[in-house]
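Okay, structure first, notes after.
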Amino acid sequence: MIASMTGYGKSVLELPEKKITIEIRSLNSKTLDLNTRIPSFYREKELEVRNIISEKIQRGKVDFAMQVELNPAARTQKLNADLIKQYIADFKEITPDVSEADLLPVVMRMPDVMNFSQDDLTEGEWNAIRNTILEAVNALNQYRNDEGNVLEKELVSYVNNIMSLLTEVEQYEGERIITIKERFGKKLEDLKVEIDQNRYEQEMIYFLEKLDVTEEKVRLKNNCEYFIQQINEEGSNGKKLGFISQEIGREINTLGSKSNHADMQKLVVQMKDELEKIKEQSLNVL
């Protein structure tokens, strides 16, 4: 079964003094491209967070965010008096006519005028956070699996459409040979020249052999069946599906170059349209 690289996971941890929200998003990427946003209080655990995610999540552009909301009772507030005085002095230089009382409301909105202190991170708190991260990661992977189920149905549908179009090619093969022979015969009649009939038949056979598409049809059918087989394999196989789709494209292109028939060309165009859908969706397969 395949999984999508697109996903979202969220988990919330409620502690007596704070609320911690973990969110993980993922998009397409050739490798694991991990970006983390962690509050400074937990920055010492960033490497461990990265290890947790890299062990559980394969390819994708992954954004990890930890948001912490402290309860008022958990915050010890203290005015940064020295900084406030410095702000007021700086403002007085710019606006000497404004009183300190009028400047104070503006200064209190400046950065770092209030200091908040917390207790050190305990092992118990970190273990709870770690479990919350794992819950978010599992939610992300479940989301990817659900998206993969939808993706699988679409890919199988596109491949089956190509194989169905391939069966329609057969109805034009005999007609195509007759049309080619008639066209060459008419040109020879228009030239009104004597020809070596045996040599003409040999050249015609050689020409028609070059236009034979039997091998292309067999290889195209095999590649399509192999594509579906790989969809049902376990493990990450997005890159392999991309390689197989390239092989499918080669056979379709060769079939088109050899078709020499308007209706066959139309079928080839429809195959290419289905193939483009396969390529686009395969980029999102894990």
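The values are calculated or read from the model by the stated rules, or taken from the named source; none is laboratory data. As the structure is a computational prediction, the values presented were derived from the model and not from experiment. Here the Cβ is made from the backbone with ideal geometry for all residues, glycine too, and neighbour counts use every protein chain on show. Just the protein is used for accessible areas: all its heavy atoms, side chains included, with ligands, DNA and RNA removed. Shrake-Rupley method; radii C 1.70, N 1.55, O 1.52, S 1.80 Å.
Looking at the stretch 65-78, is at least one residue more than 51 Å from the chain's Cα centre (by Cα) and modelled with pLDDT under 85?
Checked against the condition, which is being more than 51 Å from the chain's Cα centre (by Cα) and modelled with pLDDT under 85, the stretch 65-78 yields no hits at all.
Scan the stretch 276-286 residue by residue and report those that are in contact (Cβ under 8 Å) with a residue 12 or more places away in the chain and surrounded by fewer than 21 Cβ atoms within 10 Å (Cβ to Cβ).
The answer is Lys277, Lys279, Gln281, Leu283, Asn284.
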- prompt: What are the residues in the stretch 171-189 that are touching a helix residue (DSSP H, G or I) at 6+ places or on another chain (Cβ under 9 Å), modelled with pLDDT under 70 and open to solvent by 100 Å² or more (accessible area, probe 1.4 Å), if any?
  reply: Lys181
- request: Hey, can you tell me all the residues within the stretch 217-237 that are at pLDDT below 90 and over 16 Å from Tyr158 (Cα atoms)?
  value: Glu233, Glu234, Gly235, Ser236, Asn237
Pair list, Cβ under 6 Å, 6 or more apart: the stretch 240-255 residue under 13 Å from Glu280 (Cα atoms), other residue at pLDDT below 95 and not in a helix (DSSP H, G or I): Leu241/Val285
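What number of residues in the stretch 38-50 are under 16 Å from Glu23 (Cα atoms) and without any contact (Cβ under 8 Å) to a residue 40 or more places away in the chain?
Number of matching residues: 4.
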- request: Determine if the stretch 119-132 includes at least one residue that is within 23 Å of the chain's Cα centre (by Cα), closer than 19 Å to Glu48 by Cα and of a type outside the set (Phe, Trp, Tyr).
  value: no
- request: Using the structure shown, decide if Leu134 is in contact with a helix residue (DSSP H, G or I) (Cβ under 9 Å, 6 or more places away or on another chain), surrounded by 14 or more Cβ atoms within 10 Å (Cβ to Cβ) and at pLDDT 85 or above.
  value: yes
task: Within the stretch 51-68, track down each residue that is open to solvent by 20 Å² or more (accessible area, probe 1.4 Å) and either under 18 Å from Asn131 (Cβ atoms) or assigned to a helix (DSSP H, G or I) (or both).
output: Asn51, Ser54, Glu55, Lys56, Gln67, Val68
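Every residue, every condition in (1) of a type in the set (Gly, Ala, Ser); (2) in a helix (DSSP H, G or I); (3) at pLDDT below 95, yes or no:
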position: Gly242; (1), (2), (3): yes, yes, yes
position: Asn253; (1), (2), (3): no, yes, yes
position: Ser257; (1), (2), (3): yes, yes, yes
position: Gln265; (1), (2), (3): no, yes, yes
position: Met271; (1), (2), (3): no, yes, no
position: Glu274; (1), (2), (3): no, yes, no
position: Gln281; (1), (2), (3): no, yes, yes
- prompt: What number of residues in the stretch 225-242 are within 30 Å of Tyr172 (Cβ to Cβ) and open to solvent by 50 Å² or more (accessible area, probe 1.4 Å)?
  reply: 3
- request: Filter the stretch 9-50 for residues that are open to solvent by less than 70 Å² (accessible area, probe 1.4 Å) and of a type in the set (Ser, Thr, Tyr) and give the result.
  value: Ser11, Thr21, Ser26, Ser29, Thr36, Tyr42
